[in-house]
Amino acid sequence: MESDRLYRVGKEDVGKLKELLTECFAKDPLYCNLIPDEDTRNRLMPELFQCDMEEFFETCEIYGDSSQINGVIVVDDESEPYNPIHYYLTEAMASLKTDSYLIKEDPSLKTFWNFIQGRDYLNSRWTDQLHQTKRLHVIYLAVRPGMQHHGISAVLLNEVIAYAEKHRLMISLETHNEKNVSFYQHFGFKLFGIVEKHFHFKQYCMVREVQ
């Protein structure tokens, strides 16, 4: 995916990006279930997002609302050609690094085990059911809490939608907050299914069909 309206986030912005995502997802149901101890969560989340960003800079497109990065959207363009060896090696390295962080911060292995149990919430494997490679997958859409309700989410999402419509691509995403379902429905998304495994919360899987 390409955009000349949004700010293309670069590796020099990783500090801002890590700070933003940590702030935005501090109370997210997924992370609260995977890392129930708050002190452990506060230590771990910046490291986990650092690891995520290292992978996403290699495999995805990351855009912010501006160079201040009060909002960010991370998109995986499934329609673009890619080198499978590079892709899976990058993914494997990120997974190994993540596991080392989990074990380092919680030697009891309880957090590590939670991540194993929660893999269905983390891997977006539900998208295999779509049988659609002409697709964008939104991995993260996040806006700094103090800057919410200023239209930043809409600006970011509308740019992805415009690109998808131009290139006739489906869009997929998931959210762990039920209140976000109606937000995405406003932009033409439909609920495809719900993941509820091992933990007492739901992941809402949504798609926007080719228009």
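Scanning segment 150-177 for residues that are part of a loop (DSSP other than H, G, I, E, B) and either touching a helix residue (DSSP H, G or I) at 6+ places or on another chain (Cβ under 6 Å) or of a type in the set (S, T, N, Q) (or both) turns up 176, 177.
Being in contact with a strand residue (DSSP E or B) (Cβ under 6 Å, 6 or more places away or on another chain) and in contact (Cβ under 8 Å) with a residue 40 or more places away in the chain holds for only one residue in 208, 168, and it is 208.
Could you list all residues from segment 159-187 that are farther than 30 Å from residue 113 by Cα and either surrounded by 15 or more Cβ atoms within 10 Å (Cβ to Cβ) or under 17 Å from the mean Cα position of the chain (by Cα) (or both)?
Taking segment 159-187 as the starting set, the residues that turn out to be farther than 30 Å from residue 113 by Cα are 159-171, 182-187.
Correct list: 159, 160, 161, 163, 164, 169, 170, 171, 183, 184, 187.
Kindly indicate whether residue 151 is closer than 28 Å to residue 34 by Cα and open to solvent by 20 Å² or more (accessible area, probe 1.4 Å).
no
If I filter segment 117-125 for residues that are at pLDDT 95 or above, open to solvent by less than 20 Å² (accessible area, probe 1.4 Å), touching a strand residue (DSSP E or B) at 6+ places or on another chain (Cβ under 9 Å) and closer than 29 Å to residue 6 by Cα, do I get at least one hit? Checking segment 117-125: not a single residue is at pLDDT 95 or above, open to solvent by less than 20 Å² (accessible area, probe 1.4 Å), touching a strand residue (DSSP E or B) at 6+ places or on another chain (Cβ under 9 Å) and closer than 29 Å to residue 6 by Cα.
Quick grid of which residues meet (1) within 24 Å of residue 143 (Cα to Cα); (2) modelled with pLDDT of 85 or more; (3) touching a strand residue (DSSP E or B) at 6+ places or on another chain (Cβ under 7 Å):
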residue	(1), (2), (3)
30	yes, yes, no
42	yes, yes, no
46	yes, yes, no
70	yes, yes, yes
75	yes, yes, yes
80	no, no, no
100	no, yes, no
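For first residues located in segment 4-31 and within 30 Å of residue 178 (Cβ to Cβ), partners that are at pLDDT 95 or above and open to solvent by 60 Å² or more (accessible area, probe 1.4 Å) and lie 6+ apart or on another chain with Cβ distances below 8 Å form the pairs 6/155. Scanning segment 1-27 for residues that are open to solvent by less than 10 Å² (accessible area, probe 1.4 Å), at pLDDT 90 or above and part of a loop (DSSP other than H, G, I, E, B) gives a single hit, 9.
Kindly evaluate residue 111 against the criterion of being on the phi < 0 side of the Ramachandran plot, at pLDDT 90 or above and within 15 Å of the chain's Cα centre (by Cα). Break it down stepwise before answering.
Numbers: on the phi < 0 side of the Ramachandran plot: yes; at pLDDT 90 or above: yes; within 15 Å of the chain's Cα centre (by Cα): no.
Taking the combined requirement at face value, the residue does not satisfy it.
The values are calculated or read from the model by the stated rules, or taken from the named source; none is laboratory data. Since the structure is predicted, the reported quantities are computational estimates derived from the model, not experimental observations. Cβ coordinates were reconstructed from backbone atoms using ideal geometry, including for glycine residues, and neighbour counts include every protein chain displayed. Surface accessibility is based on the protein's heavy atoms, side chains included, excluding ligands, DNA and RNA. Shrake-Rupley method; radii C 1.70, N 1.55, O 1.52, S 1.80 Å.
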